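The values are calculated or read from the model by the stated rules, or taken from the named source; none is laboratory data. Just so you know, these numbers come straight off a predicted model, no measurement behind them. In this analysis, Cβ positions are derived from the backbone assuming ideal geometry, glycine residues included, and neighbour counts consider all displayed protein chains.
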Amino acid sequence: MRQAELALSIKFPDELRSLLLETDGIKGEYRTDLIWSLGRIKKDNLLFRNHPDFKELYMPFDCLLFFADAGNGNQFAYLILNGEIRRNDVFVWNHENDSRVWVASSMKQFIEWWLNGTINV
């Protein structure tokens, strides 16, 4: 986990850290990733931050730590402010309009609301 945090220059929030230490991600229905594995979190965040085309299309991604996706191009993330994640709130980044919108106050609430359909993106 420390290698991923160093590569992304961010300390993961305790709730994500605990989940990854216990499960290394969560598979949802049809074996899709409900919460990504540590390897995918590192890989996808580096891709979004460094892809040359994305720099022309979107606001910077170094203020987000992606950990899941909606299966339609939208990504779920924590906000990074001044190099740290200060709140457990979860936001969705919309790939079509580059918006970042609050969806849950914690990882636990995100999982519950995503599974029961409260979050619909």
Name the pairs whose Cβ atoms lie under 8 Å apart, with the first residue in region 86-100 and among the small types (G, A, S) and assigned to a loop (DSSP other than H, G, I, E, B), the second modelled with pLDDT of 95 or more and surrounded by 13 or more Cβ atoms within 10 Å (Cβ to Cβ), and 6 or more positions between them or separate chains?
-> S99/W93
Residues of region 50-85 being over 18 Å from N97 (Cβ atoms) and part of a helix (DSSP H, G or I), which ones?
-> N50, P52
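I'm trying to understand the selection: among the residues of region 53-68, which are surrounded by 11 or more Cβ atoms within 10 Å (Cβ to Cβ) and over 19 Å from R17 (Cβ atoms)?
Going through region 53-68, the residues surrounded by 11 or more Cβ atoms within 10 Å (Cβ to Cβ) turn out to be 54-55, 58-59, 61-68.
Of everything in region 53-68, those that are surrounded by 11 or more Cβ atoms within 10 Å (Cβ to Cβ) and over 19 Å from R17 (Cβ atoms) turn out to be F54, K55, Y58, M59, F61, D62, C63.
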In region 13-24, is there at least one residue being assigned to a loop (DSSP other than H, G, I, E, B) and at pLDDT below 95?
-> yes
Residues of region 107-121 that turn out to be surrounded by 11 or more Cβ atoms within 10 Å (Cβ to Cβ) and either hydroxyl-bearing (S, T, Y) or part of a loop (DSSP other than H, G, I, E, B) (or both), as a count = 3
Go through the residues of region 43-60 one by one and say whether even a single one is in contact with a strand residue (DSSP E or B) (Cβ under 8 Å, 6 or more places away or on another chain) and hydroxyl-bearing (S, T, Y).
-> no
Sole exception among (1) over 21 Å from T118 (Cα atoms); (2) in contact with a helix residue (DSSP H, G or I) (Cβ under 6 Å, 6 or more places away or on another chain); (3) touching a residue at least 40 places away in the same chain (Cβ under 8 Å) for A7, by number | (3)
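Go through the residues of region 92-106 one by one and say whether even a single one is on the phi > 0 side of the Ramachandran plot and either over 15 Å from the mean Cα position of the chain (by Cα) or surrounded by fewer than 16 Cβ atoms within 10 Å (Cβ to Cβ) (or both). If you could, list the steps in order and put the result at the bottom.
Here is the first cut: in region 92-106, the residues on the phi > 0 side of the Ramachandran plot are 98.
From what is left, the residues that are either over 15 Å from the mean Cα position of the chain (by Cα) or surrounded by fewer than 16 Cβ atoms within 10 Å (Cβ to Cβ) (or both) are 98.
Scanning region 92-106, I find at least one residue that is on the phi > 0 side of the Ramachandran plot and either over 15 Å from the mean Cα position of the chain (by Cα) or surrounded by fewer than 16 Cβ atoms within 10 Å (Cβ to Cβ) (or both), so the answer is yes.
Is one or more of the residues making up region 30-52 in contact (Cβ under 8 Å) with a residue 60 or more places away in the chain and within 25 Å of R86 (Cβ to Cβ)?
First, pick out the residues of region 30-52 that are in contact (Cβ under 8 Å) with a residue 60 or more places away in the chain: 34-35.
Filter once more, so that each one left must be within 25 Å of R86 (Cβ to Cβ): 34-35.
Among the residues of region 30-52, at least one is in contact (Cβ under 8 Å) with a residue 60 or more places away in the chain and within 25 Å of R86 (Cβ to Cβ), which makes the answer yes.
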When you go through (1) part of a loop (DSSP other than H, G, I, E, B); (2) surrounded by fewer than 18 Cβ atoms within 10 Å (Cβ to Cβ) one by one for L47, which number turns out not to apply?
-> (1)
Give the residue that is surrounded by the most Cβ atoms within 10 Å (Cβ to Cβ), with candidates limited to residues of region 69-81 that are within 18 Å of L46 (Cα to Cα) and without any contact (Cβ under 8 Å) to a residue 40 or more places away in the chain.
-> F76
